[in-house]
Every structure is written in structure tokens, then in C-alpha cells.
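Down below is the structure, laid out as C-alpha cells.
We did not get these values from a lab; they are worked out from the coordinates using the rules stated. Computed from a prediction, not measured in an experiment: that's the story for all the values here. In this analysis, Cβ positions are derived from the backbone assuming ideal geometry, glycine residues included, and neighbour counts consider all displayed protein chains.
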Amino acid sequence: MTALDRDALIALARAFADDPARWAPHVEHDPGRRTFHLLHDGEDATVWLLCWSPGHDTGFHDHDGSAAAIAVVEGVVREDRFTVGGVPIGRVLGEGDVLDVDPHDIHRVRHAGSGPAVTIHAYSPPLRSMGAYEIDPVTGVLRRRVLAERDELSPAGALAEGRLVNS
């Protein structure tokens with residue numbers, strides 16, 4: 001198994017985004033949770049369709065060594081990069097925008113508009129698991145939970161604010 005480089009991964013996400021016949025039949029919005037559908041499971045990459053409604057949020061997570069390229073095909077989402085002791089570094093992305101995520105970044109994606117949003121996520125090497133982060137409410141210890149690729153990501157505890165502050 002080989003990993004695609006940054007440019008090839010972005011090109012893959014754009015290719016899927018530019019071909020609605022590959023993803024539009026799978027769009028399904030549920031106000032209670034994000035919906036997702038596996039579009040491609042190859043040796044070098046996986047590609048997922050994610051559907052977002054107001055209030056949906058992945059919480060802070062990593063891709064367990066997989067790089068990502070995320071293409072917005074409908075609506076608006078916000079991506080935040082985790083910082084220690086400060087405000088997350090964020091950006092708002094709309095239709096046509098693509099962002100890339102390094103294999104070791106900790107970030108979150110959340111719905112940022114008033115209507116539904118749809119994104120295409122390409123991962124290489126293929127995404128098989130993720131790390132979700134939470135702060136133990138009693139001890140304040142930062143913990144990483146391993147999730148399978150099909151598990152639902154959501155904000156956890158004090159990390160929902162996106163920063164750690166040592167006292």
C-alpha cells in the first residue's frame with residue numbers, strides 16, 4: 001500500500017466533487033447526526049461523502065496517520081486546528097473550496113451555514129481508524145480514543161471549546 005502525495009490527494013477529492021453522479025444519489029441529511037457514505041475504497045485511498053446540518057461537529061480528532069483532502073460541494077463548513085492554550089486556528093470553507101490535512105494534524109470540522117452542507121473526504125493511506133480527543137472531567141487529563149473509520153465523531157467534553165489551558 002502506498003500513500004498518495006498531497007497534490008494527488010487533492011486531485012482525487014476534486015475529481016469526486018466534480019462528478020455529482022458519483023455522490024449525489026447518496027446525499028441524505030439527518031438533523032440529528034451527520035450521515036456518511038463510502039464512495040471509494042482503494043489500495044491507495046478511501047473517499048467518503050459526508051452530509052451536514054446545523055449543529056453537526058466532528059470534535060477534535062486525527063486521522064491516525066492518513067492525510068486528507070476535503071472538498072466542499074454544497075453549503076458551508078468550518079475547519080479548526082487545535083492549539084494549546086489559545087484559540088483554535090480556523091477557516092470557513094464554501095462550495096468549491098478544498099482543504100488538506102497533514103497525517104498528524106489534530107482538527108475538527110463543523111457545519112457553519114444555515115442550510116445543509118455536503119463534503120467529499122479523500123484519505124491516503126486509506127482511513128481505517130481515527131483518534132478522538134477528550135478531557136477527563138475529573139482529572140483534566142487529555143485522552144485519545146481510537147475509533148473505527150465508520151464510527152461517528154462528535155465533540156467531547158471541555159475540548160468542544162477547542163483549547164487546553166493549564167492551571
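Among rounded, prolate and oblate, which fits the range 52-124 when a ≥ b ≥ c are the square roots of the eigenvalues of its C-alpha gyration tensor, a/c under 1.5 means rounded, and a/b larger than b/c means prolate? In terms of gyration-tensor shape, oblate.
With R₀ set to 30 Å, the beta-carbon distance separating Ala11 from Asp136 gives a calculated FRET efficiency near 0.15. Each Lys and Arg adds +1 at its Cβ and each Asp and Glu adds -1 at its Cβ; summed about the Cα centre, the range 70-115 shows a dipole of about 240 debye.
Extension gain, Asp19 to Arg33: 0.36 nm times the residue separation minus the Cα-Cα distance gives 2.5 nm. Radius of gyration over Kirkwood radius for the range 1-152, both on Cα atoms: the Rg/Rh ratio is 0.96. Once the Cα atoms of helix 6-17 and of the chain are each reduced to a long axis, what angle between those two axes, in degrees from 0 to 90 to the nearest 10, is obtained? Value to nearest ten degrees: 60. Of Gly86, Gly55, Val73, which is farthest on the positive side of the dipole of the chain, counting Cα position, with +1 on Lys and Arg Cβ, -1 on Asp and Glu Cβ, and the Cα centre as origin? Towards the positive end, the residue furthest out is Gly86. The trypsin sites (Lys or Arg not before Pro) found in the range 54-133 that occupy coil by DSSP, while having at most 14 further C-beta atoms within 10 Å, are Arg128. Assuming charge only on the beta carbon of Lys and Arg (+1) and of Asp and Glu (-1), the dipole of the range 1-72 about its Cα centre is about 240 debye to the nearest 20.
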